[in-house]
Amino acid sequence: MGKKRPEKCISVEEAKELQDTWCCTRTPEIDKCIGFEDTREFWWSVEELQEYLKYVKKKSRKQGIDNPGIRIYFGAYPKEKCKMGKGYSTVFLAPTGAPAGSQGKGLDDAPNNYGIRAYNGGGAGNPPMNY
């Protein structure tokens, strides 16, 4: 038998509720403000994510960080750098963590680790795909 399900997994219903709430309370105003339907979902392969997490773990160990984390940030491409010339939204992954004995414990309040590169370049739905 495989590993048990991680504690923070949510049901399909909970995920749909989160997506629906976002779409009803945020996307109309965002789209109205920027003048087009923005993306709101992003995709990476499991292999890509595992490769990045392995990179973060290895670099963190070399820095004396025992419990690194990943913080996910919203971002937007400048129009001139956007492949479609609009300035679509994106998300990027930012490593976190502090060496043992210093500020933060690798939890929610861990500082960003600017010594390790952030990760971007996932695919995005155009138009966005609902959950």
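The values are calculated or read from the model by the stated rules, or taken from the named source; none is laboratory data. No experiment lies behind these values; they were computed from the predicted model shown. Cβ coordinates were reconstructed from backbone atoms using ideal geometry, including for glycine residues, and neighbour counts include every protein chain displayed. Ligands, DNA and RNA are excluded from the accessible area calculation, which covers all protein heavy atoms including side chains. Shrake-Rupley method; radii C 1.70, N 1.55, O 1.52, S 1.80 Å.
Which loop trypsin sites (Lys or Arg not before Pro) in the stretch 44-131, with loop taken from DSSP, have no more than 10 other Cβ atoms within 10 angstrom of their Cβ? Sparse-neighbourhood loop trypsin sites (Lys or Arg not before Pro): Lys83. Work out, in µm²/s and without decimals, the Stokes-Einstein translational diffusion coefficient of the chain at 4 °C, 1.567 mPa s, Rh from Kirkwood over C-alpha pairs. Result for D is 76 µm²/s. Once C-alpha pairs closer than 8 Å and six or more residues apart are averaged by separation and normalised to the residue number of the chain, the relative contact order reads 26 percent.
Per the Debye formula on identical point scatterers at the alpha carbon atoms of the stretch 31-76, with no solvent, log10 I(q)/I(0) at q = 0.18 Å⁻¹ is -0.71. Within the shell of other residues whose beta carbon sits under 12 angstrom from the beta carbon of Thr27, the net charge comes to -3, with Lys and Arg scored +1 and Asp and Glu -1.
Surface composition of the chain: carbon plus sulfur atoms contribute 55% of the solvent-accessible area (1.4 Å probe, protein chains only, all chains present). Given H placed 1.01 Å from N in the peptide plane, which residues other than close sequence neighbours of Thr90 have an amide H under 5 Å from its amide H? For Thr90, the qualifying residues are Gly75, Ala76, Tyr77. Beyond 32 Å in Cα-Cα separation lie the following of the pairs Lys8/Lys83; Lys3/Lys58; Lys8/Lys79; Lys8/Lys58; Lys4/Lys59: Lys8/Lys83; Lys8/Lys79. Output the 0 to 90 degree angle, nearest 10, between the alpha-carbon long axis of helix 46-62 and the longest principal axis computed from the alpha carbons of the chain. Taking the Cα atoms of the chain, the angle to 46-62 is about 40 degrees. The residues of the chain expose, per residue, 77 Å² of accessible area to a 1.4 Å probe. Distance between the modelled labels on Lys3 and Lys81, one decimal in nanometres: 3.4 nm (7 Å Cα→Cβ projection).
For Glu48, the solvent-accessible surface with a 1.4 Å probe is about 60 Å², rounded to the nearest 10. Structural size metrics of the stretch 1-48, computed from C-alpha coordinates, are Rg and Dmax of 15.5, 51 Å.
When shorter helices are ignored and each DSSP H run of at least 4 residues is given -39500 (n - 2.57), the per-residue value for the chain at 222 nm works out to -9500 deg cm²/dmol.
I need the calculated FRET efficiency for the pair Glu51 and Asn112, taking r as the beta carbon distance and R₀ as 30 Å, to the nearest 0.05. Using R0 = 30 Å, I get an efficiency of 0.90. For Lys57, the shell of other residues with beta-carbons less than 12 Å away shows a net charge of +3, using +1 for Lys and Arg and -1 for Asp and Glu. Relative to the longest principal axis of the C-alpha atoms of the chain, give the angle of the C-alpha long axis of helix 12-25, reported between 0 and 90° and rounded to the nearest 10°. In the chain, helix 12-25 runs at an angle near 60 degrees to the longest axis.
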